[in-house]
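**Q** Attaching a single structure in structure tokens format; questions to follow.
The values are calculated or read from the model by the stated rules, or taken from the named source; none is laboratory data. Source: prediction; values computed, not measured. Don't worry about glycine lacking a Cβ; one is built from the backbone with ideal geometry, like all the others, and counts go over all protein chains shown.
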Amino acid sequence: MGTVRGLIERIGAASPSGPIVVQTALDFDRSIFERGPVVEIDTGVFLAPYPTDEEMFKWVAGGAFATVVSLLDPANPDDVQWIEREQAVADDYGIALELLPVPWMKFSPEAAMQAAERVRQLPRPVLVHAFTADGTAAQAFSLAYRTGLPSVSIRGFEEALAGGQAIVLAPHVVVGPRPRGPEFGSFLRRRGVRGVVFVGDASHPDAQHDRVVAEKEAGLDYVSQPADAVSIAAAVATGGPWYVYGPGLGAIQSELETKIERISAVAKTVPPAAAGQ
């Protein structure tokens with residue numbers, strides 16, 4: 001939990017301390033649903049857990065929101081009953097409901113980015129929910145929305161690789177030990193990594209071996225960079241998410257962390273809502 005909470009707070013995603021109020025027909029004055037907190041991640045954009053029956057009828061059917069977005073995944077059998085239940089309420093009460101799945105079993109940073117981009121276009125106020133407010137889908141959506149960058153599954157990196165613990169520097173950048181062959185696919189890709197940066201000489205035997213495994217077996221982009229924090233920060237400023245490792249990492253990691261934090265601070269600016277939202 002500390003890893004997730006620390007990263008969220010660094011990019012300004014901490015829950016508001018006071019009650020949330022939406023200026024609509026109903027005053028949405030609860031900062032906590034039964035299944036967890038409700039967080040206003042942008043003006044008129046609220047991230048919440050799946051509403052209970054009481055919350056569904058009081059706030060959703062009651063007209064507090066112009067749009068409701070579900071991040072649940074119809075490919076996950078456990079989510080289907082909840083999707084169907086909410087769709088029935090939406091049909092009965094004329095609620096504008098959009099399903100923007102963010103899978104957590106087969107994690108997809110691309111899906112989180114697409115959901116974030118779509119939510120910015122929707123009429124507000126909008127309620128966005130996963131099943132829980134602090135799960136992988138909700139966290140990935142929140143980070144993608146706030147930063148405009150694809151996010152790894154941060155909770156997934158609470159588990160260590162065979163060579164040791166990786167560190168999430170930003171939603172789209174992780175640094176850590178050299179992955180062992182299968183880990184490029186079975187560990188990194190499954191947690192959302194889409195590109196790898198080797199810090200060191202591209203002719204190093206480890207780099208040559210890992211490039212083949214990463215590209216051919218795991219489907220990851222693979223680049224080599226000299227041990228220079230400026231050039232590496234520039235390489236990972238877009239795209240990804242990225243995993244950074246290699247023999248030259250230790251000497252520049254502290255400086256790289258500072259530069260990555262600056263990238264996240266700049267990237268987190270959310271565009272203002274369009275007129276009428």
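**Q** Taking the residues in region 225-255 that are out of contact with any strand residue (DSSP E or B) (no Cβ under 6 Å at 6 or more places or on another chain), surrounded by fewer than 16 Cβ atoms within 10 Å (Cβ to Cβ) and among the hydroxyl-bearing types (Ser, Thr, Tyr) as candidates, determine which candidate is nearest to Ala112 (Cα to Cα).
**A** Thr238
**Q** Scan region 55-76 and give yes if some residue there is surrounded by fewer than 19 Cβ atoms within 10 Å (Cβ to Cβ), at pLDDT 95 or above, acidic (Asp, Glu) and closer than 29 Å to Arg189 by Cβ, otherwise no.
**A** No, region 55-76 has no match at all.
Here is a yes/no grid of residues against (1) of a type in the set (Lys, Arg); (2) more than 23 Å from Leu220 (Cα to Cα); (3) out of contact with any Gly (no Cβ under 9 Å at 6 or more places or on another chain):
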| position | (1), (2), (3) |
| --- | --- |
| Tyr93 | no, yes, no |
| Phe107 | no, no, no |
| Leu122 | no, yes, yes |
| His129 | no, yes, yes |
| Asp134 | no, yes, no |
| Leu143 | no, no, yes |
| Pro150 | no, no, no |
| Arg155 | yes, no, no |
| Ala170 | no, no, yes |
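**Q** Restricting to region 71-121, what's the tally of residues that are assigned to a helix (DSSP H, G or I), within 13 Å of Phe141 (Cβ to Cβ) and not hydrophobic (A, V, I, L, M, F, W, C)?
**A** 5
**Q** Turning to a different aspect of this structure: Give me the pairs, please: first residue somewhere in region 234-250 and closer than 23 Å to Ser108 by Cβ, second residue anywhere and of a type in the set (Ser, Thr, Tyr), beta-carbon distance under 8 Å, and either six or more positions apart or on two chains.
**A** Pro241/Ser151
**Q** Being of a type in the set (Gly, Ala, Ser) and free of Cβ contacts under 8 Å to residues at least 40 places away in the same chain is the filter; apply it to region 112-170 and report the residue that is surrounded by the most Cβ atoms within 10 Å (Cβ to Cβ).
**A** Taking the candidates together, the pick is Ala112.
**Q** In this structure, is Gly94 more than 19 Å from Glu40 (Cα to Cα), surrounded by 15 or more Cβ atoms within 10 Å (Cβ to Cβ) and either of a type outside the set (Asp, Glu) or touching a helix residue (DSSP H, G or I) at 6+ places or on another chain (Cβ under 6 Å) (or both)?
**A** no
Residue by residue, here is whether (1) touching a strand residue (DSSP E or B) at 6+ places or on another chain (Cβ under 9 Å); (2) under 20 Å from Val152 (Cα atoms); (3) not assigned by TED's automatic domain parsing to the domain that holds Arg190 holds:
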| site | (1), (2), (3) |
| --- | --- |
| Tyr50 | yes, no, yes |
| Glu55 | yes, no, yes |
| Phe65 | yes, no, yes |
| Asp78 | no, no, yes |
| Gln87 | yes, no, yes |
| Glu98 | yes, no, yes |
| Val102 | no, yes, yes |
| Ser108 | no, yes, yes |
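**Q** Right, something else. With respect to Ser224, is the statement that it is part of a loop (DSSP other than H, G, I, E, B), over 23 Å from Glu261 (Cβ atoms), not aromatic (Phe, Trp, Tyr) and not assigned by TED's automatic domain parsing to the domain that holds Val119 true?
**A** Spelling it out, it is not the case that Ser224 is part of a loop (DSSP other than H, G, I, E, B), over 23 Å from Glu261 (Cβ atoms), not aromatic (Phe, Trp, Tyr) and not assigned by TED's automatic domain parsing to the domain that holds Val119.
**Q** Conditions: (1) in contact with a helix residue (DSSP H, G or I) (Cβ under 8 Å, 6 or more places away or on another chain); (2) part of a loop (DSSP other than H, G, I, E, B). Ala144 meets all but one. Number of the miss?
**A** Every condition holds for Ala144 apart from (2).
**Q** Would you be able to tell me the number of residues in region 193-232 that are charged (D, E, K, R) and under 23 Å from the mean Cα position of the chain (by Cα)?
**A** So the answer is 2.
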